[in-house]
Amino acid sequence: VTKILERVVQPGMIVYDVGAHVGIHTLYICRLLQGSGSVYAFEPWPDNLKALVGNLQRNPSLQPIAVPVPLAVGAHTGLTKLTRGASDGRHHLCGLEEEGDITVGLTALDDFISIGNPPPALVKIDIEGHEEEALNGAERLLHEVRPALLLEHHGAGRALAERLAAAGYETHSAGRRH
């Protein structure tokens, strides 16, 4: 992921880090932006969000360009349930067979932009197998803005590649997960 980010991220860009976890990639993107641009770090799990904010506070030179967003990203805007994963990086939106551990705010990326947030030039998505739901809430973004995408696909790479090809995107695999 870092090698791809090094090739793609340019100073002045707006980047969305969807599934930011504790901010490892968020911090790296901030450094690549070199003080110009912004990274919106979407992380709905409270403990991870707290760690993300703490990591940003420990790096004050990066704070003005990093914007923590305490929301999950999906196909629509409202509320959703998250379930605890096997580790702190595996919490995810509930599937139909899951009950959920907490209720959190949910945004579609199209809605997030429509309320005045700047559209991204790059979207990194790693939301534990729910990447397609995030894309479902980003139809206008994908067709009108056409940002670069970096997706961790959790085994759904072929389906995501077909969907993105239908939207006019060229896809490349960077390994088993990206």
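Data table
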| read-out | value |
| --- | --- |
| Selected residue (criterion: surrounded by the fewest Cβ atoms within 10 Å (Cβ to Cβ)) from residues of the range 105-152 that are without any contact (Cβ under 8 Å) to a residue 40 or more places away in the chain and at positive phi | Gly116 |
| Counted residues, the range 29-43 - those being part of a loop (DSSP other than H, G, I, E, B) and in contact (Cβ under 8 Å) with a residue 24 or more places away in the chain | 4 |
| When residues of the range 4-28 are limited to those that are in a helix (DSSP H, G or I) and in contact (Cβ under 8 Å) with a residue 60 or more places away in the chain, the one surrounded by the most Cβ atoms within 10 Å (Cβ to Cβ) | His25 |
| Which listed residue, of Pro46, Pro64, is in contact (Cβ under 8 Å) with a residue 40 or more places away in the chain and either under 16 Å from the mean Cα position of the chain (by Cα) or surrounded by fewer than 21 Cβ atoms within 10 Å (Cβ to Cβ) (or both) | Pro46 |
| Test set (1) of a type outside the set (Val, Ile, Thr); (2) surrounded by fewer than 21 Cβ atoms within 10 Å (Cβ to Cβ); (3) more than 19 Å from Gly129 (Cα to Cα); (4) at pLDDT 95 or above - Leu52 fails condition number | (2) |
| Residue within the range 160-174 that is at pLDDT 85 or above, in a helix (DSSP H, G or I) and open to solvent by 80 Å² or more (accessible area, probe 1.4 Å) present | yes |
| Gly155 being under 19 Å from Asp17 (Cβ atoms), open to solvent by 40 Å² or more (accessible area, probe 1.4 Å), outside any helix (DSSP H, G or I) and modelled with pLDDT under 90 | no |
| Conditions (1) more than 22 Å from Leu149 (Cβ to Cβ); (2) assigned to a loop (DSSP other than H, G, I, E, B); number of the one not met by Val53 | (2) |
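The values are calculated or read from the model by the stated rules, or taken from the named source; none is laboratory data. Being a predicted model, the structure only gives us computed values, none of them experimental. No Cβ is skipped: glycine too gets one built from the backbone with ideal geometry, and neighbour counts run over all protein chains shown. Quick note on the areas: whole protein, heavy atoms, side chains included, nothing else; ligands and nucleic acids left out. Shrake-Rupley method; radii C 1.70, N 1.55, O 1.52, S 1.80 Å.
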